[in-house]
1. Go through region 10-19 and count every residue that is within 17 Å of residue 106 (Cβ to Cβ), free of Cβ contacts under 8 Å to residues at least 40 places away in the same chain and open to solvent by less than 70 Å² (accessible area, probe 1.4 Å).
2. Identify all residues within region 87-138 that are aliphatic (A, V, I, L, M) and farther than 26 Å from residue 18 by Cα; write none if there are none.
3. If I ask for residues that are open to solvent by less than 50 Å² (accessible area, probe 1.4 Å) and either hydrophobic (A, V, I, L, M, F, W, C) or touching a residue at least 60 places away in the same chain (Cβ under 8 Å) (or both), which ones from region 37-65 would you list?
4. Go through (1) of a type in the set (A, V, I, L, M, F, W, C); (2) touching a residue at least 12 places away in the same chain (Cβ under 8 Å); (3) open to solvent by less than 70 Å² (accessible area, probe 1.4 Å); (4) out of contact with any helix residue (DSSP H, G or I) (no Cβ under 8 Å at 6 or more places or on another chain) one by one and return the number of the condition residue 23 breaks.
5. Would you mind finding the one in 127, 96 that is over 24 Å from the mean Cα position of the chain (by Cα), free of Cβ contacts under 8 Å to residues at least 60 places away in the same chain and surrounded by 11 or more Cβ atoms within 10 Å (Cβ to Cβ)?
6. Please state which of the following conditions residue 110 fails to meet, knowing it meets all the rest: (1) in a loop (DSSP other than H, G, I, E, B); (2) exposed (fewer than 10 other Cβ atoms within 10 Å of the Cβ); (3) not β-branched (Val, Ile, Thr).
Amino acid sequence: MDFFHVVIDTSVLRQMHFRHADFERLLLRSRKGLLKIYIPHIVLEEERTYLLAELVKNVEIIHATLKKVTNGRLAMLTQSLPRPTLDIWTKEELTRNSKEIFDKIVSENKIEVLAISEAHTTNAWKRYFNCAPPFNPDQPREIRRQDIPD
């Protein structure tokens, strides 16, 4: 039987997240040692922080909604009721937990995380300054700069 090596990039992880049925089948094969999954560190962090930002945004909406119904005009209708409490996570708890969850996924599924090397960053900068793929030489430099985080 052939042994497969699978490298996951950002676009794959966005379309087929860890809980997607097809991705779960891939993870099962990895746990059984039938294939090896590789995910670059930056891809994992991009997905983790994207999901974390979405979660934090939704938690903030919950807080804002509670504030809306307990203050101002709407509070008039709830003034004789007990003050509601909200036991929901903090951003720090969510951040810590997201790291733990991703570490657990990597460990349990025998995923190898590919670290960013100095050579990777050097090559990325060369590509940026030379307008090599994935950068579009027809784009104005100011627009291309948006692809590079500060």
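The values are calculated or read from the model by the stated rules, or taken from the named source; none is laboratory data. Quick caveat, the model's predicted, so the values are computed rather than measured. Glycine also receives a Cβ, built like all others from the backbone with ideal geometry; neighbour counts cover every protein chain displayed. With ligands, DNA and RNA removed, areas are computed over all heavy atoms of the protein, side chains included. Shrake-Rupley method; radii C 1.70, N 1.55, O 1.52, S 1.80 Å.
1. First pass over region 10-19, keeping only residues within 17 Å of residue 106 (Cβ to Cβ): 10, 12-13, 16-19.
Then keep just the ones that are free of Cβ contacts under 8 Å to residues at least 40 places away in the same chain; that gives 10, 12-13, 16-17, 19.
If we keep only those that are open to solvent by less than 70 Å² (accessible area, probe 1.4 Å) as well, we get 10, 12-13, 16.
Of the residues in that region, 4 qualify.
2. Of region 87-138, the ones aliphatic (A, V, I, L, M) are 88, 94, 101, 105-106, 111, 113-116, 119, 124, 132.
Result: 119, 124, 132.
3. Step one: list which residues in region 37-65 are open to solvent by less than 50 Å² (accessible area, probe 1.4 Å), which gives 37-40, 43-44, 47-48, 52, 56, 59.
Listed by number, the residues that qualify are 37, 38, 39, 40, 43, 44, 52, 56, 59.
4. Here residue 23 meets the rest and fails (2).
5. Values: 96 fails: over 24 Å from the mean Cα position of the chain (by Cα).
Checking each option against the conditions leaves just 127.
6. Of the numbered conditions (1) in a loop (DSSP other than H, G, I, E, B); (2) exposed (fewer than 10 other Cβ atoms within 10 Å of the Cβ); (3) not β-branched (Val, Ile, Thr), the odd one out for residue 110 is (2).
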